[in-house]
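The values are calculated or read from the model by the stated rules, or taken from the named source; none is laboratory data. From a predicted model like this one, the values you see are computed outputs, not experimental measurements. Virtual Cβ from ideal backbone geometry, glycine too; neighbours counted across all protein chains shown. In case anyone asks, the SASA skips ligands and DNA or RNA and just uses the protein heavy atoms, side chains included. Shrake-Rupley method; radii C 1.70, N 1.55, O 1.52, S 1.80 Å.
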Amino acid sequence: MPKSSTKTVRAILEAANRIVQEQGVEHLTLDQTAREAGVSKGGLLYHFPSKEALIEGMILYYLERFSEDYRQAAARDQDAGRGRWTRAYLYTTYEDYQRIPRMTSGLLAAMGTNPELLAPMQRAFAEWVGRLENDGVDPTITTIIRLAVDGLWLVELFGLAQPDLQRRAQVLAALDALSRKTPAELGIQPAGAE
């Protein structure tokens, strides 16, 4: 996949995202994407020689953006030691409403076309989870936070009894506070203890 920093590549990927969001995965074609992006089909094929390459590009584009935001959030964490990657994951995932449709487009397209295209996403999640588990916070706590955030993401993706903004903010504050606690403070046995 070419670096998504070129204007044309970004236009193509944003067009593909819009098609999936507005019309559904079944309407994602190279012709439709080229029209939506305002480029020739040859121009699209130069960057993405197949529909699978386009879908892979959509996923990698999202991963590039999320990974950079994740790194920046960790760097900004005032408590730069224990738990900074956990809170960075929490805030990067939780705060960006715009990320959900972009992420979803690539995932839905991959699932409907070729689930093997999810491999970059699976590798990225494994890397992120590795950071969380070595973040100085008990792995049980980081897992609770990660699953809660990912669960919220899915609830918002599918419109399943989404919390209102006030409750959403309260949950975010509670998860942030949880990232700063030890298992003993929570009355749970530390991970790995017998």
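Things to note:
- Subset of the stretch 67-76 (residues that are buried (at least 16 other Cβ atoms within 10 Å of the Cβ) and either over 13 Å from L90 (Cβ atoms) or of a type in the set (D, E, K, R) (or both)): D69
- Segments classed as helices (runs of 4 or more DSSP H), wholly inside the stretch 139-194, with at least 1 members that are open to solvent by 60 Å² or more (accessible area, probe 1.4 Å) and more than 23 Å from D79 (Cα to Cα): 139-158, 165-178
- The set of residues from the stretch 40-55 being surrounded by fewer than 23 Cβ atoms within 10 Å (Cβ to Cβ), closer than 17 Å to H27 by Cα and not polar (S, T, N, Q) comprises K41, K51, E52, A53.
- Cross-chain or 6+ apart pairs with Cβ under 6 Å, the stretch 136-155 first and more than 13 Å from T182 (Cβ to Cβ), then β-branched (V, I, T): I145/T86; V149/T93
- Looking only at residues of the stretch 17-34 that are modelled with pLDDT under 90 and in contact with a Leu (Cβ under 8 Å, 6 or more places away or on another chain), we find that the one that is surrounded by the fewest Cβ atoms within 10 Å (Cβ to Cβ) is V25.
- Here Q72 passes the criteria (1) modelled with pLDDT under 90; (2) out of contact with any Lys or Arg (no Cβ under 9 Å at 6 or more places or on another chain) except the one numbered (1).
- For the stretch 119-138, the candidate set comprises residues that are assigned to a helix (DSSP H, G or I) and open to solvent by 50 Å² or more (accessible area, probe 1.4 Å); within that set, the residue that is farthest from M58 (Cα to Cα) is E133.
- Screening the stretch 112-159 for residues that are at pLDDT 85 or above and over 17 Å from Y89 (Cα atoms) and picking the one that is nearest to the chain's Cα centre (by Cα) gives P120.
- Taking the listed residues A11, A37, the one that is at pLDDT 90 or above and surrounded by fewer than 19 Cβ atoms within 10 Å (Cβ to Cβ) is A11, with no other qualifying.
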